[in-house]
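Shown next, in structure tokens, is the structure this report addresses.
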Amino acid sequence: MHHATTLTAAILAGLLAASCAGNSTHVATQSDYNKALADAKAAILEARKAHYEWRDSGKILKQADKAAKAGDFTKAVKLANKAMRQGQIALAQSEHEKNAGPRM
Amino acid sequence: MKKIAVIASAFCMLLTPLVSSAANPAQDLKDFRKHYTEMFPEIPLHDFVNGVYSVDKDSREQWEAFEEFPPYETYVEKGEELFNKPFKNGKTYASCFPKAEQGIKQNYPYFDKNRGEVVTLELAINECREANGEKPLKYKKGAIAHLSAYIAYKSRGKKGNVKIDSSPESMQWYARGKKHFYAKRGQLNMSCADCHYHNPGKKIRADILSPALGHTSHFPVFRNKWSQSSKSGDGMGTLQRRYGGCNSQVRAKPFKAQSKEYRALEYFHTYMSNGLTMNGPGIRK
């Protein structure tokens, strides 16, 4: 009986921990933002080198910068990650389209 | 024997992508034209120079009414004044474009073998200015569009005569422009071809898409949209101004006017309308 109670408590604790982890309650820091910003800039640069940069990636980074300056690093990281994904997808797009021609 | 067949087969496999991607401008031109004439069998080839008005009757009626008092006339006159106004050194644009009065727009852009690059009319205008000690003009609108409009006007009736030089450098420029035309880009994942090759005549939101065949014959253009966003009402703009707008509309970052990317695109795009009659400047929505 005691063993069963301990097991139930352990499972509940595990579920609670998993639930907390899933709830993105992590508050981002300046350091998190700096890393996200560097990653985003690198991804956008790669897309630019391929002549495939998207229109809004730079604007999104400006919004991220604004949020960081206001101290909202969680929002800033989110925006920087969005810009990074744009850079990554744009680069993949350039690869996909490298042999583009008329579709028959 | 079996070995030879395997080697031959492997060789063919290696060669196939090279052959299929090798640029053949003359064949491209033939295929391009065939595509539109089959898509719009009722439209005579020469009418494609009228852009969207060749494929949409209702818009055509409005456009014909506009053409009775065309808004670009003022800017053609401004271009003529600029063309004949002496630089500080006393020379005029005629020193760089001695045959402009007879029509030269049909020969642009061209591949300059010595420089190894494509030269557009607007680039040549600015190079003329710099050679005569003047500052270059901004490339998309204003005085450069007026000068270009005047030169285009003088070239009316000439047949497009862009020559694709067969040198490897020239073919690289051509292939780059061709790729830009057909490759999807931007967040909306759309190419120039998606709108103007595969879907001309169809609607995109409230607008009807124009065929790419004949596009370049009527530039620069006076666009009502550009006029409305201009304090002075000057709606004139160059072809590369429009390229930037198109790229931006599919949420791709536009290239700079007269960048290699847009000059390459203009090289391919204009060659695709070779043989059609120059009728610039034009009026567009």
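Among (1) within 14 Å of chain A (Cβ to nearest Cβ); (2) buried (at least 22 other Cβ atoms within 10 Å of the Cβ); (3) small (Gly, Ala, Ser), where does residue B:214 come up short?
Condition not satisfied by residue B:214: (1).
Given the conditions (1) at pLDDT below 80; (2) part of a helix (DSSP H, G or I); (3) under 21 Å from residue A:74 (Cα atoms), which single one is not true for residue A:12?
It is condition (3) that residue A:12 fails.
Sort out which residues of the stretch B:131-180 are free of Cβ contacts under 8 Å to residues at least 24 places away in the same chain, over 17 Å from the mean Cα position of the chain (by Cα) and part of a helix (DSSP H, G or I), and write them in order of number.
Those that are free of Cβ contacts under 8 Å to residues at least 24 places away in the same chain, over 17 Å from the mean Cα position of the chain (by Cα) and part of a helix (DSSP H, G or I): B:168, B:172.
I'd like to know if the stretch B:163-186 contains one or more residues that are closer than 19 Å to residue B:282 by Cα and away from chain A (no Cβ under 14 Å). Steps first, please.
Step one: of the stretch B:163-186, the residues closer than 19 Å to residue B:282 by Cα are none.
No, because not a single residue in the stretch B:163-186 is closer than 19 Å to residue B:282 by Cα and away from chain A (no Cβ under 14 Å).
How about the stretch A:46-91: which of its residues are within 11 Å of chain B (Cβ to nearest Cβ), closer than 20 Å to residue B:179 by Cα and part of a helix (DSSP H, G or I)?
Within the stretch A:46-91, A:47, A:48, A:89, A:90 meet the criteria.
If residue B:255 satisfies all but one of (1) at negative phi; (2) in contact (Cβ under 8 Å) with a residue 24 or more places away in the chain; (3) not in a helix (DSSP H, G or I), what's the number of the condition it fails?
Just one mismatch for residue B:255, condition (2).
Results for (1) within 14 Å of chain A (Cβ to nearest Cβ); (2) more than 26 Å from residue B:66 (Cβ to Cβ); (3) open to solvent by less than 10 Å² (accessible area, probe 1.4 Å); (4) hydroxyl-bearing (Ser, Thr, Tyr), shown as yes or no for each residue.
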site	(1), (2), (3), (4)
B:227	no, no, no, yes
B:252	yes, yes, yes, no
B:265	yes, yes, yes, no
B:278	no, no, no, no
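The values are calculated or read from the model by the stated rules, or taken from the named source; none is laboratory data. Everything quoted here is computed from the prediction, not taken from an experiment. Reconstructed Cβ throughout: ideal geometry from the backbone, glycine too, with neighbour counts over all protein chains shown. Accessible surface is based on the protein model in full, side chains and every heavy atom, while ligands, DNA and RNA are left aside. Shrake-Rupley method; radii C 1.70, N 1.55, O 1.52, S 1.80 Å.
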